[in-house]
Amino acid sequence: MQTLDLNLLTLILALSVYIASIRFVIVSRLIAEPKPDNDHKAKYRRFLKWLLPPDVLFVIAGLLLFLHIYWSNLFGADLQAPSCLASIVIWCFFLGILCLMGHHIYSWCRTLRS
């Protein structure tokens, strides 16, 4: 199970980096010269707010999965990780994926409308 956990942790970290890179591009556009007009600023900020929930969920899932994998190394060889950690990780990951799916579907629809 440890290999599967490490693969999932890698996927969670990759998705967090993906979201961070998108956020970096959007923030770069907000502070670029010349400054975007107020309409574009509002759209960029709204886009950034959409990215916040999946990012928070992936960070929580990644931290808890890390704790689940390395619990005995961190807190003593005879201690086991609480069993609820795995369920919380799975739910955070699932909800983060749903948020990203909603974001992508919304973006696809906007692209097709224009």
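The values are calculated or read from the model by the stated rules, or taken from the named source; none is laboratory data. Since we're looking at a predicted model, the values are computed, not measured. When we count neighbours, we look across all protein chains shown, and the Cβ atoms used for this are built from the backbone with ideal geometry, even at glycine.
Scanning the stretch 31-44 for residues that are out of contact with any Phe, Trp or Tyr (no Cβ under 8 Å at 6 or more places or on another chain) and part of a loop (DSSP other than H, G, I, E, B) yields 32, 33, 34, 35, 37. So in the stretch 60-112, with the set limited to residues that are among the small types (Gly, Ala, Ser) and closer than 17 Å to residue 11 by Cβ, which one is farthest from the chain's Cα centre (by Cα)? If we take residues in the stretch 60-112 being among the small types (Gly, Ala, Ser) and closer than 17 Å to residue 11 by Cβ, then 86 is farthest from the chain's Cα centre (by Cα). When each of 21, 28, 16 is tested for being in a helix (DSSP H, G or I), at pLDDT 90 or above and over 17 Å from the mean Cα position of the chain (by Cα), the lone residue that passes is 28. Taken over the stretch 1-13, residues that are hydrophobic (A, V, I, L, M, F, W, C), outside any loop (DSSP other than H, G, I, E, B) and more than 12 Å from residue 93 (Cβ to Cβ) amount to 2. Scanning the stretch 55-87 for residues that are assigned to a loop (DSSP other than H, G, I, E, B) and within 25 Å of residue 21 (Cβ to Cβ) yields a total of 0. When restricted to residues that are farther than 20 Å from residue 17 by Cβ, among the hydroxyl-bearing types (Ser, Thr, Tyr) and surrounded by 11 or more Cβ atoms within 10 Å (Cβ to Cβ), the stretch 88-114 contains 1.
So which residues in the stretch 1-43 are without any contact (Cβ under 8 Å) to a residue 12 or more places away in the chain and of a type in the set (A, V, I, L, M, F, W, C)?
1, 4, 11, 14, 17, 24, 25, 31, 32, 42, listed by residue number.
The residue of the stretch 12-65 that is surrounded by the fewest Cβ atoms within 10 Å (Cβ to Cβ), among those that are of a type in the set (Lys, Arg) and more than 19 Å from residue 102 (Cβ to Cβ), is 35.
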